[in-house]
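Some notes on the structure that comes next.
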Amino acid sequence: MLDSYFLQQLINGLTIGSAYALIAIGYTMVYGIIGMINFAHGEIYMIGAYTSLIVISGLAALGIAWLPVVLIVALLGAVIVSSSMGWAVERVAYRPVRGRHRLIPLISAIGMSIFLQNYVHLAQGSRNMGFPTLMEGGFTFGDAGSFQTSLSYIQITIFVITLICMAALSVFIARSKTGRACRAVSQDLGMSSLLGINTNRIIATTFVIGAALAAVAGLLLGMYYGSIDPLFGFIAGLKAFTAAVLGGIGSIPGAMLGGLILGVSESMTSGYLSGEYKDVVSFGLLILILLFKPTGLLGKPEVEKI
Amino acid sequence: MNAANFKHALFCAFITLIISYPILGLNLVSAGTSMGLEGASTVTIIGIFMAVAVVFLFQLCRDSAMAKLGQLPRPDFTSNRPPMTEKTRLKIQNIVILTIILGASLWPFIASRGSIDLATLVLIYIMLALGLNVVVGLAGLLDLGYVAFYAVGAYTFALLSQYFGVSFWFALPVGALLAALFGLALGFPVLRLRGDYLAIVTLGFGEIIRILLNNWTSLTGGPNGIGGIPDPTLFGLEFGRRIKEEGNLSFHEFFGIAYDSTHKVIFLYLIALVLAALTFFAVRRLMQMPVGRSWEALREDEIAARSLGLSRTGVKLSAFTIGAFFAGFAGTVFASKQGFISPESFVFLESAIILAIVVLGGMGSQFGVILAAIAVTILPELAREFSEYRMLIFGAAMVLMMVWRPQGLMPMRRIHIELEKQE
């Protein structure tokens with residue numbers, strides 16, 4: 001049952017899934033607080049990937065090649081630029097339309113997504129950019145004769161960094177004053193504003209946190225796939241949104257769980273069926289989940305009041 | 001200009017620098033196997049710093065500027081006037097629309113070939129937008145995968161003509177009905193969902209259709225698409241120089257005039273015009289029928305509408321199906337106009353553009369939607385020199401429109417009573 005091929009798909013799926021989970025958190029937090037789908041989130045993730053590639057190339061030009069330094073500086077650069085972008089997007093495109101008919105913010109977000117895609121496209125060209133190989137090799141298991149399961153260093157890095165981010169976020173949300181304010185605002189925006197919480201600031205913070213995590217995912221997946229282009233945020237954003245819905249939108253642990261499930265189901269599809277249909281499977285999964293359990297796996301059921 | 005303003009302005013300027021400099025100012029270049037960096041041109045750098053300065057100054061003087069802006073009179077000509085009664089409105093609408101149709105049907109005989117081609121495209125977008133207007137504007141269901149039904153219409157014609165040699169006139173109703181069937185099949189399970197979920201499910205559906213078209217190579221030709229889609233015929237008269245099918249006559253021989261490739265373009269344009277007019281009148285008629293009234297009732301207040309005995313599923317499903325039907329119409333005309341279709345034409349961006357047209361025009365307002373369809377299709381063509389920046393400007397315009405005039409160019413107005421707020 002647990003043969004090495006299956007194990008390999010599981011590892012690949014968990015790798016991609018944990019990165020999806022990082023992006024999904026941005027969707028789920030924003031939705032939990034202001035109830036809008038931040039359509040431009042996938043583009044923020046793409047910008048994170050681009051910035052980290054720019055930083056890595058810059059460091060290489062300066063002759064700095066020690067891996068931990070490169071990784072940390074690239075992460076920092078991506079996080080700073082992406083979260084500034086997240087902040088600016090919220091300020092320019094979402095805050096003025098907050099509270100209007102629910103279609104209005106969504107369309108504003110779609111416009112922002114088109115804008116950002118073309119912004120990067122014009123600045124950096126539409127070609128694929130090769131991500132340099134920062135680390136090679138890994139562990140292999142299994143008999144030499146048959147299929148060998150491999151666990152590369154990149155995959156381990158992705159797991160470790162994702163775990164650190166998730167843990168930090170959980171502690172932040174559970175323990176810090178801002179985190180508590182975030183939870184309060186997501187429960188009842190009007191009430192928390194009456195109680196003296198600066199809701200505008202909390203909403204902006206949510207966008208910044210989501211963007212920072214998406215930037216981390218951008219670096220990790222850019223490294224893993226080995227190439228990026230201005231359009232690769234769109235599909236990843238959709239997948240991450242699927243993950244957020246799967247886990248129950250508004251719930252942070254749900255986004256983590258949803259990301260992992262989506263990643264595994266996707267890599268199982270490419271492993272056992274065909275790589276071309278993995279998107280069909282994930283969207284199909286989304287439709288099925290919404291039909292039979294619209295609140296997702298860990299979401300709270302919504303009571304409709306009259 | 002106090003200290004807080006200054007600090008805020010400084011912060012905003014700094015953020016602007018951070019989000020523009022690394023992406024715009026440092027260009028990635030591939031140097032062999034690795035990537036190198038290259039500073040951008042001086043113009044770009046100056047541009048970045050100009051933008052930073054503008055943001056700084058604007059934020060610094062924001063309060064006073066906004067106060068002045070608020071004092072300016074709003075150029076809203078309709079707001080003081082009570083809406084017309086339904087009867088006069090319809091009468092005026094009839095006169096306007098008949099004049100437009102008359103003008104539009106005479107126009108191609110004096111226009112250039114390129115502009116007729118563009119006008120056909122505009123008409124296709126009008127059909128699509130009027131169809132989506134039923135779903136989004138009237139019934140209030142956000143459909144982000146509308147392009148899927150367009151694709152169904154186009155591919156129905158392409159496949160039928162490729163495998164069975166079916167003509168345009170037969171494929172037109174079949175494509176539209178098949179698209180409506182898809183709408184029914186998708187709508188039946190998903191219409192129970194809340195607004196945003198519905199949006200995402202329809203988006204997923206649109207992507208699934210596109211991926212299937214892209215990968216089912218044996219049937220659809222995959223990314224290579226399907227070519228050689230026949231032109232429509234006029235009662236059996238073909239518009240080509242040579243006759244493709246046995247027994248048909250060609251248009252120029254029948255009338256004894258010289259062959260001119262513009263004939264075909266004009267004919268296609270007229271077909272699109274007739275179909276767009278048909279769509280317009282059909283939707284307008286539906287809006288006055290009980291089913292149209294119930295769409296709007298359900299959009300305004302679902303609970304109230306249901307308690308008055310409207311079937312939620314039935315009403316939503318009818319809107320969804322009818323919207324899909326018109327998309328199928330438009331798809332067939334599109335396939336015939338292009339002569340070649342591939343999944344490239346049915347990407348999500350297309351759905352976003354059609355949605356943008358509906359919102360830009362003013363949701364529910366048919367005239368507004370037509371106006372917006374013309375603007376969104378023609379303006380980018382006029383700005384050909386800026387074609388690189390086309391989508392950038394399009395995205396920015398979508399955002400600005402939502403911020404400044406979310407009700408659209410010509411919002412739909414109904415006779416209504418506004419209750420005074422009680423103290």
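The values are calculated or read from the model by the stated rules, or taken from the named source; none is laboratory data. On a predicted model such as this, the values are computed, not experimentally measured, just so you know. Backbone-built Cβ (ideal geometry, glycine too); neighbour counts: all protein chains shown. The protein model used for the area step is the full one, side chains on, heavy atoms only, and it has no ligands, DNA or RNA in it. Shrake-Rupley method; radii C 1.70, N 1.55, O 1.52, S 1.80 Å.
Just order B:298-305, B:345-352 by mean Cβ neighbour count inside 10 Å, highest at the front, would you? Write out the running numbers ahead of the final one.
Numbers: B:298-305: 15.5, B:345-352: 20.2.
Highest mean packing first, the order is B:345-352, B:298-305.
Shape call for chain B from the C-alpha gyration tensor, a ≥ b ≥ c root eigenvalues: rounded (a/c under 1.5), prolate (a/b greater than b/c) or oblate? Here chain B falls in the oblate category. Annotation: B:ASP63 carries an accessible surface of approximately 100 Å², with a 1.4 Å probe and no ligand, DNA or RNA atoms counted.
When you restrict to C-alpha pairs under 8 Å that are six or more residues apart and normalise by the size of region B:3-66, the relative contact order lands at 44 percent.
Principal axis extents of the C-alpha atoms in the protein assembly as shown (largest first, rounded to whole Å): 81, 79, 59. In the context of the full set of protein chains, region B:86-404 has a per residue accessible area of 42 Å² (1.4 Å probe). Annotation: chain A has a Kirkwood hydrodynamic radius of 19.9 angstrom, from the mean reciprocal C-alpha pair distance.
Just checking the output field for B:400-410: average partner chain Cβ neighbours within 10 Å of each residue's Cβ? Don't skip to the end; give the middle numbers.
Values: counts 5, 4, 15, 10, 2, 0, 9, 3, 0, 0, 0.
Average per residue, whole number: 4.
Counting, for every residue in B:14-20, the Cβ atoms of other protein chains within 10 Å of its Cβ and taking the mean gives 6.
Once the mean 1/r over all distinct Cα pairs of region B:3-66 is inverted, what Kirkwood radius in angstroms do you read off?
Values: mean 1/r = 0.0760 Å⁻¹.
The answer is 13.2 Å.
Just the Kirkwood number for region A:72-162, please: inverse of mean 1/r across all distinct Cα pairs, in Å, one decimal. List each step's numbers first, then the result.
Details: mean 1/r = 0.0577 Å⁻¹.
About 17.3 Å for region A:72-162.
Database remark: amide H of B:GLY36 closer than 5 angstrom to the amide H of B:VAL29, B:SER30, B:ALA31 (H placed geometrically; neighbours at sequence offset of 5 or more, or on other chains; Pro and chain starts carry no H). The Cα center of region B:312-382 and the Cα center of region A:243-264 differ in position by 33 Å. Counting Cβ atoms of other protein chains within 10 Å of each Cβ in B:353-363 and taking the mean gives 2. The Rg/Rh ratio of region A:5-129, with both radii computed over alpha carbons and Rh defined as the Kirkwood radius, is 1.04. Taking each of A:LYS278/B:LYS337; A:LYS239/B:LYS316; A:LYS177/A:LYS278; B:LYS7/B:LYS68; A:LYS239/B:LYS7; B:LYS68/B:LYS91 in turn, the alpha-carbon distance tops 31 angstrom for A:LYS278/B:LYS337; A:LYS177/A:LYS278; A:LYS239/B:LYS7; B:LYS68/B:LYS91.
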